[in-house]
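Inspection log for the structure reproduced underneath, given as structure tokens.
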């Protein structure tokens, strides 16, 4: 089915470990985004990508790395996980950066760092 | 500065009644979009409705409508004939026009959300 999928849905890991969250979309959307959702902060942008091989930082990029070698995939890597990165992570995509384009979200990854 | 403000942390409504969820925004960009998303307890983010800054009429999508008052910078969501399945967190979000070389990069800026509970 067409859409945007995230994996895994749930992940528990330990501080200092590297963990990668996957995001895959089948719409061939140019723009992809990673947000984190925390109580009291709503959703905050971590990184975004305007096209394959074009990525840039959002509001809270520290401790995260992204890549986009293919249009349909946008993985997010925590290089050395910290407890403060425990959160729910959402990937989103849209056809363009125009203000009239909604972003469509994956189901989220709930990440716990012990 | 807070760009999207949702002042109602929680709202209660009786089934079959209408409810309005408030949202105010702040931007100097003449081109922007306003979106409402629903997040049920299962966690996914569901796009509900969109209003463009240049749209002359209020947006409607089924039981959802948007009361857009541009001069007041408000974009309230109205849900008519509430159903038990409407119980969820609702987020207002704004997307400013893409500004090449600037900082908007088409991101969504979210409010803090309003938890809606529908009573039978």
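Numerical summary
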read-out: For the protein assembly as shown, projected area of the alpha-carbon convex hull averaged over all directions, nm²; value: 12.9 nm²
read-out: Gaussian network model of chain A, Cα within-10 Å springs - most flexible of A:69, A:99, A:84; value: A:99
read-out: Förster-model FRET efficiency, 41 Å R0, residue A:7 and residue B:81, C-beta, rounded to 0.05; value: 0.65
read-out: Separation of alpha-carbon centers, the stretch A:21-53 and the stretch B:42-74, rounded to whole Å; value: 22 Å
read-out: Residue exposure sequence - A:39, B:34 - by fewest surrounding Cβ within 10 Å; value: A:39, B:34
read-out: Where N is the number of residues in chain A, Cα Rg divided by 2.2 N^0.38 Å; value: 1.00
read-out: Cα pair distances exceeding 18 angstrom across the stretch B:1-89, given as percent; value: 45 percent
read-out: Least to most buried among A:12, B:79 (fewest other Cβ within 10 Å first); value: A:12, B:79
read-out: Inter-label distance, nm, simple model (7 Å from Cα along the C-beta direction), residue B:58/residue B:20; value: 0.8 nm
read-out: Cα gyration tensor, the stretch A:38-103 - rounded (a/c under 1.5), prolate or oblate; value: oblate
read-out: Fewest-first sequence of A:27, A:34 by Cβ atoms within 10 Å of each Cβ; value: A:27, A:34
read-out: Rounded, prolate or oblate (a/c below 1.5 giving rounded, otherwise prolate when a/b exceeds b/c) for the stretch B:39-102 by Cα gyration tensor; value: oblate
read-out: Chain B: most fluctuating residue of B:15, B:96, B:44 per GNM, C-alpha cutoff 10 Å; value: B:44
read-out: Chain A: most fluctuating residue of A:60, A:19, A:88 per GNM, C-alpha cutoff 10 Å; value: A:60
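Throughout, read-outs are computed from the coordinates displayed, never taken from laboratory work. Just so it is clear, the structure is predicted and the values come from calculations on it, not from any experiment. Neighbour counts are summed over all protein chains in view; Cβ atoms, including those assigned to glycine, are modelled from backbone coordinates with ideal geometry.
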